[in-house]
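Right, one structure below, let's go through it.
The values are calculated or read from the model by the stated rules, or taken from the named source; none is laboratory data. On a predicted model such as this, the values are computed, not experimentally measured, just so you know. Neighbour counts are summed over all protein chains in view; Cβ atoms, including those assigned to glycine, are modelled from backbone coordinates with ideal geometry. The accessibility values were calculated without ligands, DNA or RNA, using every heavy atom of the protein model including side chains. Shrake-Rupley method; radii C 1.70, N 1.55, O 1.52, S 1.80 Å.
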Amino acid sequence: MTFKELTINGEMDESEAFAFSCRRCGACCTGDVALTPHELYRIAGHMSMSHRRFADRYCNVMADTQLHVPFMHINANHKCPYLMDTGCSLQHIKPYVCSLYPLGRGFGLPGPGEKSKLFGKPFYFVQPVSCLGLKASQKVIVRDFLSAQRYTDNETRHLARLMETLAAIPIRKLTDDRMLLITQFLYYDYDQD
């Protein structure tokens, strides 16, 4: 399946609009939630835990098939463990993927042997999900949606740098040893305990 087939509107920049009005139903709070190292730091700090303790207790590591690097994911199974009856208990520090929902974000990463003028620049797309908010007649501009979610240019710059760095790692196969080493570098070497 191609990227275009996995999205509803194809690639969008921040000036484009999409139909959406959140119903705050919590139906989107399912599945795996990927964490950047920055998010792991913020959430672990919020919970007064070390990064390693939080990751060992609440996360698993999965390999990204395109970049061949590991990414931390919150163990969500069927429902996010941070979704309470009153809403998200991490609302003020929730992960970027949660803030962006139902949008997905990509970066101009070249394929094997390609060069991309968009390298490291973000684009957005509406994920092919069964979100009732996507049936709204109201349209929202991507830039306004990001602003309403308190999504800042800092997050975009941080993620762009991370993606650029990861894309530059010349790994063809992610062995267990390499996965452990990269996970250690990306996520764990910040704590002193």
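Ignoring any ligand, DNA or RNA, what whole percent of the accessible area of region 10-98 comes from carbon and sulfur when the probe is 1.4 angstrom? Carbon and sulfur atoms account for 50 percent of the accessible area of region 10-98.
Given their separation in residues at 0.36 nm each and the Cα-Cα distance between them, residue 41 and residue 150 gain 37.4 nm when the chain is fully extended. Converting phi to 3J(HN,Hα) with the Karplus coefficients 6.51, -1.76 and 1.60 and the offset θ = phi - 60°, region 55-63 yields 4, 5, 7, 10, 10, 10, 10, 10, 8 Hz in sequence order, with x at every glycine or proline. Here the gap between residue 75 and residue 140, fully extended at 0.36 nm per residue and compared with their Cα-Cα distance, gives a gain of 20.3 nm.
Packing-wise, with mean Cβ within 10 Å as the measure, how do 41-53, 20-32 rank, highest first?
The most tightly packed comes first, giving 41-53, 20-32.
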